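As C-alpha coordinates, the structure follows; a few thoughts come after it.
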Amino acid sequence: MTGYGVFVHKGRTRIGYRTGDAVFDLTAAEREELVDGLGTFQNGALNDFLALGPPQWTVVAQQAAQLPDRLCVPLDEVEPVLPFRVADYVDFYSSEHHAANVGRIFRPGQPPILPNWRHLPVGYHGRAGTVVVSGTPIVRPSGQRGPGDVGPSQRLDIEAELGFVVGVPSQLGKPVPTGDLTSHVFGVVLVNDWSARDLQSWEYQPLGPFLGKSFATSVSPWIVPLSELARVSAPEQDPPVAEYLTEADRYTFDVELTVEWNGVPVTRPPFRDLYWTPAQQLAHLTVNGASVRTGDLFASGTISGPRRDQVGSFLELTEGGREPVALSGSGTRAFLADGDSVTIRGRAAGVNGGVVDLGAVEGRVVPLRG
Ligand code: CA
(Lines give C-alpha, C1' and ligand atoms only; values in the text may rest on other atoms or scores of the structure.)
Protein backbone atom coordinates (compact mmCIF):
# COMPACT_ATOMS: atom_id res chain seq x y z
CA MET A 1 0.00 0.00 0.00
CA THR A 2 1.23 3.42 -0.99
CA GLY A 3 -1.51 5.98 -0.69
CA TYR A 4 -2.59 9.44 0.33
CA GLY A 5 -5.36 10.15 2.78
CA VAL A 6 -6.66 12.41 5.53
CA PHE A 7 -6.89 11.36 9.15
CA VAL A 8 -7.67 12.67 12.59
CA HIS A 9 -5.02 12.13 15.25
CA LYS A 10 -5.39 13.51 18.80
CA GLY A 11 -8.19 15.77 17.65
CA ARG A 12 -6.30 17.29 14.73
CA THR A 13 -6.85 16.73 11.02
CA ARG A 14 -3.71 15.78 9.09
CA ILE A 15 -2.84 14.81 5.54
CA GLY A 16 -1.18 11.39 5.51
CA TYR A 17 1.08 9.35 3.29
CA ARG A 18 0.69 5.67 3.95
CA THR A 19 3.30 3.12 3.01
CA GLY A 20 2.64 -0.39 4.27
CA ASP A 21 1.44 -0.04 7.86
CA ALA A 22 3.24 3.26 8.39
CA VAL A 23 1.43 6.60 8.08
CA PHE A 24 3.54 9.75 7.75
CA ASP A 25 2.18 13.14 8.74
CA LEU A 26 2.54 15.31 5.62
CA THR A 27 1.00 18.31 7.38
CA ALA A 28 3.88 18.32 9.89
CA ALA A 29 6.44 17.38 7.24
CA GLU A 30 5.45 20.34 5.10
CA ARG A 31 5.83 22.74 8.03
CA GLU A 32 9.36 21.42 8.45
CA GLU A 33 9.93 21.87 4.71
CA LEU A 34 10.58 18.16 4.22
CA VAL A 35 7.91 17.85 1.52
CA ASP A 36 7.03 20.44 -1.07
CA GLY A 37 3.25 20.40 -1.23
CA LEU A 38 3.16 24.16 -1.96
CA GLY A 39 1.12 24.66 1.20
CA THR A 40 -1.61 22.22 0.21
CA PHE A 41 -1.03 19.85 3.15
CA GLN A 42 -2.36 22.44 5.61
CA ASN A 43 -5.86 22.37 4.09
CA GLY A 44 -7.48 19.30 5.66
CA ALA A 45 -8.34 17.66 2.33
CA LEU A 46 -6.29 16.43 -0.60
CA ASN A 47 -8.03 18.50 -3.30
CA ASP A 48 -5.46 21.29 -3.55
CA PHE A 49 -2.61 18.79 -3.71
CA LEU A 50 -4.44 16.76 -6.37
CA ALA A 51 -4.84 19.92 -8.46
CA LEU A 52 -1.06 20.49 -8.60
CA GLY A 53 -0.59 17.89 -11.33
CA PRO A 54 1.85 15.11 -12.25
CA PRO A 55 5.21 16.94 -11.88
CA GLN A 56 4.48 17.98 -8.27
CA TRP A 57 2.91 14.59 -7.46
CA THR A 58 6.22 13.00 -8.46
CA VAL A 59 8.29 15.43 -6.36
CA VAL A 60 6.15 14.80 -3.27
CA ALA A 61 6.16 11.02 -3.76
CA GLN A 62 9.95 11.00 -3.78
CA GLN A 63 10.16 13.22 -0.69
CA ALA A 64 7.43 11.34 1.22
CA ALA A 65 9.24 8.04 0.76
CA GLN A 66 12.22 9.44 2.69
CA LEU A 67 10.52 11.00 5.71
CA PRO A 68 12.03 10.34 9.14
CA ASP A 69 10.36 7.88 11.51
CA ARG A 70 9.55 10.64 14.00
CA LEU A 71 6.83 11.84 11.57
CA CYS A 72 5.24 8.39 11.53
CA VAL A 73 1.89 7.97 13.30
CA PRO A 74 0.97 4.43 14.43
CA LEU A 75 -1.70 3.03 12.11
CA ASP A 76 -3.94 2.05 15.03
CA GLU A 77 -4.04 5.69 16.23
CA VAL A 78 -5.14 6.95 12.83
CA GLU A 79 -8.81 7.70 12.23
CA PRO A 80 -9.24 8.10 8.46
CA VAL A 81 -11.80 10.56 7.12
CA LEU A 82 -12.97 11.21 3.56
CA PRO A 83 -9.67 11.93 1.75
CA PHE A 84 -11.04 14.52 -0.67
CA ARG A 85 -14.06 16.75 -1.09
CA VAL A 86 -16.04 14.97 -3.78
CA ALA A 87 -16.91 17.42 -6.55
CA ASP A 88 -19.03 15.45 -9.01
CA TYR A 89 -19.64 11.72 -8.95
CA VAL A 90 -20.21 9.70 -12.09
CA ASP A 91 -20.84 5.98 -12.18
CA PHE A 92 -20.29 3.90 -15.32
CA TYR A 93 -21.56 0.47 -16.32
CA SER A 94 -18.49 -0.95 -18.04
CA SER A 95 -18.59 -4.67 -17.27
CA GLU A 96 -20.20 -6.71 -20.03
CA HIS A 97 -20.83 -9.64 -17.69
CA HIS A 98 -22.55 -7.36 -15.16
CA ALA A 99 -24.66 -5.65 -17.83
CA ALA A 100 -25.70 -9.02 -19.24
CA ASN A 101 -26.52 -10.47 -15.81
CA VAL A 102 -28.57 -7.44 -14.74
CA GLY A 103 -30.35 -7.30 -18.11
CA ARG A 104 -31.30 -10.97 -17.76
CA ILE A 105 -32.57 -10.51 -14.19
CA PHE A 106 -34.39 -7.14 -14.67
CA ARG A 107 -35.72 -7.77 -18.21
CA PRO A 108 -36.22 -11.52 -18.59
CA GLY A 109 -37.00 -12.68 -22.12
CA GLN A 110 -35.44 -9.59 -23.73
CA PRO A 111 -31.91 -9.16 -25.13
CA PRO A 112 -29.81 -8.59 -21.98
CA ILE A 113 -27.35 -6.15 -23.60
CA LEU A 114 -29.05 -3.03 -25.02
CA PRO A 115 -28.12 -1.85 -28.56
CA ASN A 116 -26.05 1.17 -27.43
CA TRP A 117 -23.89 -0.68 -24.89
CA ARG A 118 -20.94 -1.61 -27.15
CA HIS A 119 -20.90 1.87 -28.73
CA LEU A 120 -20.47 4.02 -25.63
CA PRO A 121 -19.60 3.66 -21.94
CA VAL A 122 -23.05 3.91 -20.36
CA GLY A 123 -23.10 5.93 -17.14
CA TYR A 124 -25.07 8.36 -15.01
CA HIS A 125 -24.38 11.29 -12.70
CA GLY A 126 -24.61 10.23 -9.08
CA ARG A 127 -24.81 12.08 -5.79
CA ALA A 128 -21.45 13.47 -4.63
CA GLY A 129 -22.76 14.58 -1.23
CA THR A 130 -23.46 11.03 -0.07
CA VAL A 131 -20.03 9.60 -0.86
CA VAL A 132 -18.72 8.47 2.54
CA VAL A 133 -15.46 7.07 3.85
CA SER A 134 -15.03 3.40 4.65
CA GLY A 135 -16.43 2.49 8.06
CA THR A 136 -19.40 4.87 7.89
CA PRO A 137 -22.59 2.99 8.92
CA ILE A 138 -25.03 2.43 6.05
CA VAL A 139 -28.59 3.28 7.08
CA ARG A 140 -31.04 1.01 5.31
CA PRO A 141 -32.82 3.18 2.74
CA SER A 142 -36.57 3.49 2.57
CA GLY A 143 -38.71 4.42 -0.40
CA GLN A 144 -41.11 3.20 -3.05
CA ARG A 145 -40.76 -0.52 -3.70
CA GLY A 146 -43.75 -0.67 -6.04
CA PRO A 147 -47.17 0.92 -6.59
CA GLY A 148 -48.41 2.16 -3.19
CA ASP A 149 -45.69 0.16 -1.42
CA VAL A 150 -43.41 2.38 0.67
CA GLY A 151 -40.99 1.04 3.25
CA PRO A 152 -37.43 -0.07 4.02
CA SER A 153 -35.62 -1.72 1.13
CA GLN A 154 -35.86 -5.49 1.32
CA ARG A 155 -33.28 -6.00 -1.43
CA LEU A 156 -30.28 -4.04 -0.22
CA ASP A 157 -27.18 -4.86 -2.22
CA ILE A 158 -23.60 -3.84 -2.94
CA GLU A 159 -21.68 -2.97 -6.09
CA ALA A 160 -17.94 -3.63 -6.05
CA GLU A 161 -16.18 -1.02 -8.19
CA LEU A 162 -12.95 0.85 -8.74
CA GLY A 163 -13.11 4.65 -8.57
CA PHE A 164 -10.88 7.20 -10.31
CA VAL A 165 -10.11 10.51 -8.61
CA VAL A 166 -9.56 13.56 -10.82
CA GLY A 167 -6.79 15.94 -9.80
CA VAL A 168 -6.23 18.33 -12.69
CA PRO A 169 -9.42 19.90 -14.05
CA SER A 170 -10.28 20.14 -17.75
CA GLN A 171 -11.63 23.17 -19.59
CA LEU A 172 -15.31 23.65 -20.27
CA GLY A 173 -15.96 23.03 -23.95
CA LYS A 174 -12.80 21.00 -24.47
CA PRO A 175 -13.10 17.18 -24.51
CA VAL A 176 -10.32 15.15 -22.87
CA PRO A 177 -8.64 12.76 -25.36
CA THR A 178 -8.14 9.12 -24.37
CA GLY A 179 -4.38 9.70 -24.22
CA ASP A 180 -4.72 12.25 -21.41
CA LEU A 181 -5.99 10.03 -18.59
CA THR A 182 -2.85 10.34 -16.49
CA SER A 183 -2.65 14.12 -17.00
CA HIS A 184 -5.92 14.47 -15.08
CA VAL A 185 -6.47 11.42 -12.85
CA PHE A 186 -4.39 11.19 -9.71
CA GLY A 187 -5.32 7.77 -8.41
CA VAL A 188 -7.81 5.10 -7.45
CA VAL A 189 -10.03 4.18 -4.52
CA LEU A 190 -12.15 1.12 -3.90
CA VAL A 191 -15.86 1.86 -4.18
CA ASN A 192 -18.95 0.17 -2.77
CA ASP A 193 -21.95 1.64 -4.58
CA TRP A 194 -24.69 0.45 -2.22
CA SER A 195 -27.90 -0.24 -4.16
CA ALA A 196 -31.53 -0.87 -3.18
CA ARG A 197 -32.71 -3.23 -5.91
CA ASP A 198 -36.42 -2.99 -5.11
CA LEU A 199 -36.34 0.83 -5.25
CA GLN A 200 -34.14 0.71 -8.36
CA SER A 201 -36.19 -1.74 -10.40
CA TRP A 202 -39.40 0.26 -9.81
CA GLU A 203 -37.95 3.74 -10.48
CA TYR A 204 -35.24 3.31 -13.11
CA GLN A 205 -37.26 3.55 -16.34
CA PRO A 206 -36.95 5.75 -18.35
CA LEU A 207 -34.26 7.98 -16.78
CA GLY A 208 -32.00 5.53 -14.97
CA PRO A 209 -30.79 5.19 -11.37
CA PHE A 210 -32.06 7.67 -8.78
CA LEU A 211 -32.98 7.04 -5.12
CA GLY A 212 -32.06 3.36 -5.25
CA LYS A 213 -28.41 4.38 -5.34
CA SER A 214 -28.11 7.92 -3.96
CA PHE A 215 -28.30 7.11 -0.23
CA ALA A 216 -24.63 6.09 0.21
CA THR A 217 -21.49 5.28 -1.75
CA SER A 218 -18.48 4.16 0.31
CA VAL A 219 -14.85 4.72 -0.70
CA SER A 220 -11.57 3.42 0.73
CA PRO A 221 -9.60 5.99 2.75
CA TRP A 222 -6.25 5.90 0.91
CA ILE A 223 -5.97 7.10 -2.70
CA VAL A 224 -3.39 4.96 -4.48
CA PRO A 225 -1.62 6.90 -7.28
CA LEU A 226 -2.16 5.63 -10.83
CA SER A 227 1.60 5.85 -11.25
CA GLU A 228 1.92 2.86 -8.86
CA LEU A 229 -0.14 0.56 -11.08
CA ALA A 230 1.19 -1.55 -13.96
CA ARG A 231 -0.52 -1.17 -17.31
CA VAL A 232 -1.93 -4.31 -18.92
CA SER A 233 -3.76 -4.83 -22.20
CA ALA A 234 -7.53 -4.35 -22.22
CA PRO A 235 -10.04 -6.64 -24.01
CA GLU A 236 -10.59 -6.30 -27.77
CA GLN A 237 -13.67 -4.31 -28.77
CA ASP A 238 -16.13 -5.29 -31.47
CA PRO A 239 -17.68 -3.41 -33.24
CA PRO A 240 -15.03 -0.68 -33.69
CA VAL A 241 -15.62 2.33 -31.44
CA ALA A 242 -16.05 5.98 -32.44
CA GLU A 243 -12.85 7.87 -33.11
CA TYR A 244 -12.89 9.82 -29.84
CA LEU A 245 -12.97 6.50 -27.98
CA THR A 246 -10.05 4.93 -29.85
CA GLU A 247 -6.81 4.50 -27.93
CA ALA A 248 -3.35 4.62 -29.48
CA ASP A 249 -2.16 2.71 -26.44
CA ARG A 250 -5.13 0.78 -25.11
CA TYR A 251 -4.47 -0.37 -21.58
CA THR A 252 -6.12 -1.00 -18.26
CA PHE A 253 -5.01 -2.07 -14.79
CA ASP A 254 -4.75 -5.55 -13.32
CA VAL A 255 -6.84 -5.15 -10.18
CA GLU A 256 -8.57 -7.99 -8.39
CA LEU A 257 -11.15 -7.29 -5.69
CA THR A 258 -12.27 -9.61 -2.92
CA VAL A 259 -15.77 -9.20 -1.49
CA GLU A 260 -16.31 -10.41 2.07
CA TRP A 261 -19.84 -10.76 3.46
CA ASN A 262 -19.75 -10.93 7.26
CA GLY A 263 -16.10 -11.91 6.95
CA VAL A 264 -16.75 -14.70 4.44
CA PRO A 265 -15.05 -14.20 1.04
CA VAL A 266 -17.82 -14.69 -1.53
CA THR A 267 -16.47 -13.31 -4.83
CA ARG A 268 -13.32 -12.05 -6.55
CA PRO A 269 -14.23 -9.53 -9.28
CA PRO A 270 -11.51 -8.92 -11.95
CA PHE A 271 -11.17 -5.29 -13.09
CA ARG A 272 -8.97 -5.94 -16.13
CA ASP A 273 -11.81 -7.71 -17.98
CA LEU A 274 -13.93 -4.53 -18.23
CA TYR A 275 -14.97 -3.68 -21.80
CA TRP A 276 -14.51 0.08 -21.36
CA THR A 277 -11.24 1.43 -19.95
CA PRO A 278 -10.87 4.43 -17.60
CA ALA A 279 -9.35 6.45 -20.48
CA GLN A 280 -12.48 5.79 -22.57
CA GLN A 281 -14.71 6.65 -19.61
CA LEU A 282 -13.03 10.04 -19.15
CA ALA A 283 -13.11 10.75 -22.90
CA HIS A 284 -16.81 9.91 -23.04
CA LEU A 285 -17.61 11.91 -19.90
CA THR A 286 -16.21 15.05 -21.58
CA VAL A 287 -17.03 14.48 -25.28
CA ASN A 288 -19.97 16.89 -25.06
CA GLY A 289 -17.72 19.62 -23.69
CA ALA A 290 -18.51 18.98 -20.03
CA SER A 291 -15.48 19.68 -17.87
CA VAL A 292 -14.11 17.68 -14.97
CA ARG A 293 -13.12 19.31 -11.70
CA THR A 294 -10.59 18.57 -9.01
CA GLY A 295 -12.23 16.04 -6.70
CA ASP A 296 -14.43 14.47 -9.35
CA LEU A 297 -14.90 10.77 -8.80
CA PHE A 298 -15.79 8.47 -11.65
CA ALA A 299 -16.37 4.83 -10.88
CA SER A 300 -16.07 1.87 -13.22
CA GLY A 301 -19.47 0.38 -12.56
CA THR A 302 -19.94 -3.02 -10.97
CA ILE A 303 -17.07 -5.32 -11.80
CA SER A 304 -18.19 -8.82 -12.73
CA GLY A 305 -16.19 -11.60 -14.38
CA PRO A 306 -17.69 -14.53 -16.28
CA ARG A 307 -18.03 -16.86 -13.27
CA ARG A 308 -20.51 -16.71 -10.39
CA ASP A 309 -17.61 -16.38 -7.91
CA GLN A 310 -16.38 -13.28 -9.79
CA VAL A 311 -19.52 -11.11 -9.70
CA GLY A 312 -19.57 -7.69 -8.04
CA SER A 313 -23.12 -7.67 -6.68
CA PHE A 314 -25.27 -9.94 -4.54
CA LEU A 315 -28.08 -9.56 -7.11
CA GLU A 316 -25.89 -11.61 -9.44
CA LEU A 317 -24.40 -13.87 -6.76
CA THR A 318 -27.86 -15.01 -5.67
CA GLU A 319 -29.46 -14.90 -9.14
CA GLY A 320 -31.83 -12.08 -8.31
CA GLY A 321 -32.32 -13.38 -4.76
CA ARG A 322 -33.61 -16.78 -5.89
CA GLU A 323 -30.50 -18.70 -4.85
CA PRO A 324 -29.41 -17.53 -1.37
CA VAL A 325 -25.83 -18.13 -0.31
CA ALA A 326 -24.71 -19.78 2.93
CA LEU A 327 -22.46 -17.63 5.12
CA SER A 328 -20.82 -19.68 7.83
CA GLY A 329 -21.86 -18.32 11.22
CA SER A 330 -24.63 -16.02 9.98
CA GLY A 331 -26.96 -18.32 8.06
CA THR A 332 -28.11 -17.83 4.49
CA ARG A 333 -28.68 -14.55 2.67
CA ALA A 334 -30.27 -13.34 -0.55
CA PHE A 335 -29.65 -9.64 0.22
CA LEU A 336 -28.19 -7.65 3.14
CA ALA A 337 -29.70 -8.00 6.61
CA ASP A 338 -29.41 -5.33 9.32
CA GLY A 339 -26.08 -5.78 11.08
CA ASP A 340 -24.40 -7.34 8.05
CA SER A 341 -20.99 -6.03 7.09
CA VAL A 342 -19.31 -5.98 3.71
CA THR A 343 -15.60 -5.48 3.12
CA ILE A 344 -14.16 -5.05 -0.37
CA ARG A 345 -10.39 -5.43 -0.61
CA GLY A 346 -8.23 -4.77 -3.64
CA ARG A 347 -4.84 -5.80 -4.95
CA ALA A 348 -3.18 -4.63 -8.15
CA ALA A 349 -0.17 -5.49 -10.24
CA GLY A 350 2.41 -2.81 -9.50
CA VAL A 351 4.80 -0.98 -11.83
CA ASN A 352 7.78 -2.67 -10.24
CA GLY A 353 6.44 -6.18 -10.72
CA GLY A 354 5.13 -6.49 -7.18
CA VAL A 355 1.63 -6.44 -5.78
CA VAL A 356 0.06 -3.13 -4.71
CA ASP A 357 -2.40 -3.31 -1.83
CA LEU A 358 -5.34 -0.97 -2.48
CA GLY A 359 -6.65 -1.32 1.07
CA ALA A 360 -10.29 -1.92 1.87
CA VAL A 361 -13.70 -0.30 1.90
CA GLU A 362 -16.04 -1.48 4.65
CA GLY A 363 -19.58 -0.78 5.74
CA ARG A 364 -22.18 -2.19 8.10
CA VAL A 365 -25.91 -1.99 7.55
CA VAL A 366 -27.92 -0.38 10.35
CA PRO A 367 -31.72 -0.20 10.60
CA LEU A 368 -33.68 2.80 9.46
CA ARG A 369 -33.85 5.35 12.28
CA GLY A 370 -37.13 6.40 13.85
CA1 CA B 1 -22.77 1.26 -9.65
Carbon/sulfur fraction of accessible area - the chain, other protein chains in place, 1.4 Å, %: 51
Quote the FRET efficiency, to the nearest 0.05, computed for VAL325 versus LEU368 with a Förster distance R0 of 30 Å and r equal to the Cβ-Cβ distance. 0.80
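Can you work out the FRET efficiency for the pair GLN154 and ARG307, with r the C-beta to C-beta distance and R0 = 35 Å, to the nearest 0.05? Please list the in-between numbers first.
Working: r = 27 Å, r/R0 = 0.78.
Efficiency at R0 = 35 Å is approximately 0.80.
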Show me the three semi-axes of the equivalent ellipsoid for the stretch 147-239, from the C-alpha gyration tensor (sqrt of 5 times each eigenvalue), largest first, rounded to whole Å. 32, 17, 15
At 222 nm, what helix-only mean residue ellipticity would the chain give, in deg cm²/dmol to the nearest 500, using -39500 (n - 2.57) for each DSSP H run of four or more? -4000 deg cm²/dmol
Bins of 10 Å, starting at 0 and running to the largest distance - Cα pair percent for the stretch 106-194: 11, 28, 34, 21, 5
How far is it, in nm, from the label point at GLN42 to the one at ASN116 when both lie 7 Å from their Cα along the line to the Cβ? 4.8
Kirkwood Rh in Å, taken over all unlike Cα pairs in the stretch 228-370: 17.4
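Taking N as the number of residues in the stretch 153-205, what value does Rg over Cα atoms divided by 2.2 N^0.38 Å take?
Expressed relative to 2.2 N^0.38 Å, the Cα Rg reads 1.64.
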Could you tell me the relative contact order of the chain? Use alpha-carbon pairs under 8 Å, at least six residues apart, and round to a whole percent. 22
May I ask for the net charge around VAL78, where only other residues with Cβ less than 11 Å from the Cβ of VAL78 are counted and Lys, Arg are +1 while Asp, Glu are -1? -2
Along the three principal axes, how long is the chain when you take its alpha carbons, biggest first, rounded to the nearest angstrom? 63, 50, 37
Translational D (Stokes-Einstein, µm²/s) of the stretch 186-225 at 20 °C and 1.002 mPa s when Rh comes from the Kirkwood sum over C-alpha pairs? 187
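Hey, what's the Cα Rg ratio for the stretch 257-316 versus the globular rule of thumb, 2.2 N^0.38 Å?
Scaled against compact globular proteins, the figure is 1.41.
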Just to be sure I understand the model, the point goes 7 Å from the Cα along the line to the Cβ. What's the resulting PHE106 to ALA65 distance in nm? 4.3
What is the distance in Å between the Cα centroid of the stretch 198-221 and that of the stretch 223-252? 27
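Give the Kirkwood hydrodynamic radius (Å, one decimal) of the stretch 26-153, defined as one over the mean of 1/r across all pairs of different Cα atoms.
Computed over Cα pairs of the stretch 26-153, the Kirkwood hydrodynamic radius comes out at 19.4 Å.
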What distance in nm separates the simple spin-label points at THR258 and ARG12, each placed 7 Å from Cα in the Cβ direction? 3.6
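Output needed for the stretch 165-295: three equivalent-ellipsoid semi-axes, defined as square roots of 5 times the C-alpha gyration tensor eigenvalues, in descending order, whole Å. Walk me through the intermediate numbers first.
Numbers: eigenvalues 134, 85, 57 Å².
Its equivalent ellipsoid spans semi-axes of 26, 21, 17 Å.
The values are calculated or read from the model by the stated rules, or taken from the named source; none is laboratory data. Bear in mind that the values here come from a model prediction, so they are computed numbers and not experimental data. Backbone-built Cβ (ideal geometry, glycine too); neighbour counts: all protein chains shown. When the accessible area is computed, the model is the full protein with side chains, heavy atoms only, and any ligands, DNA or RNA have been set aside. Shrake-Rupley method; radii C 1.70, N 1.55, O 1.52, S 1.80 Å.
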